[in-house]
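Each value in this text was obtained by applying a stated rule to the coordinates, not by laboratory testing. Not measured: the values here are computed from a predicted model. Cβ: placed from backbone, ideal geometry, glycine included. Neighbour counts: every protein chain shown.
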Amino acid sequence: MGKVVNIPDYLIRKACTDDIQELNTIYNNIIREGGATGNQQPVSTASFTNWYHSHQEPPYYIFVIEIAGKPVGYFYFSPWRPGREAFAHTSELSFYLSTKHRGYGLGDIMVKQGITFAADAGLKVLLSIVLEENNRSISLLKKHGFKEGGYFPGVAKIGSKISGQFILYYSLEKDFSI
């Protein structure tokens, strides 16, 4: 029997500039944990702010999941192969959740909402690029219908470890075959 958890009251909303510092802190903590992102060093507030501003055009928004008025995680959409019109219907979905808020079903909520928001925005395909040792994210994505689309061995060096990377995909239209 699976673990029973109480999902705390939460709100999902589009990120705003007031969230930048907290989202940057979440991301930098994940970098320190290792194995979930290709960044090896903490990201400066200035750099994170620039990244934030690059995700303000539809449909490439950042969404926050908050509890008690405080962001505890976020997910966002990025263009796949920017500038190449053939891929305009495809987006990368990424998500990050603070360590102490894992295990409560919030990752499930973020992925489900990501799929819903992508469909509402008219996207046809979602991709998620995940380091091979990030089993929690791989399992979460597969649970929600993402399928393995590719594996690239040895493309990342995380600390002293060589890692592969998976590309998982999700088709938002049953009649849209990839």
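Name, by its number, the condition in (1) closer than 25 Å to GLU133 by Cα; (2) within 18 Å of the chain's Cα centre (by Cα); (3) not aromatic (Phe, Trp, Tyr) that does not hold for GLN41.
With respect to (1) closer than 25 Å to GLU133 by Cα; (2) within 18 Å of the chain's Cα centre (by Cα); (3) not aromatic (Phe, Trp, Tyr), GLN41 is out only on (2).
Which residues, taken from segment 146-172, are surrounded by fewer than 12 Cβ atoms within 10 Å (Cβ to Cβ) and part of a loop (DSSP other than H, G, I, E, B)?
GLY159, SER160
Restricting segment 102-145 to residues that are surrounded by fewer than 17 Cβ atoms within 10 Å (Cβ to Cβ) and touching a Pro at 6+ places or on another chain (Cβ under 8 Å), which is farthest from ASN28 (Cα to Cα)?
Top of the filtered list is GLY122.
Of all residues in segment 74-101, which are more than 15 Å from TYR60 (Cβ to Cβ) and within 14 Å of the chain's Cα centre (by Cα)?
Correct list: TYR96, LEU97, SER98.
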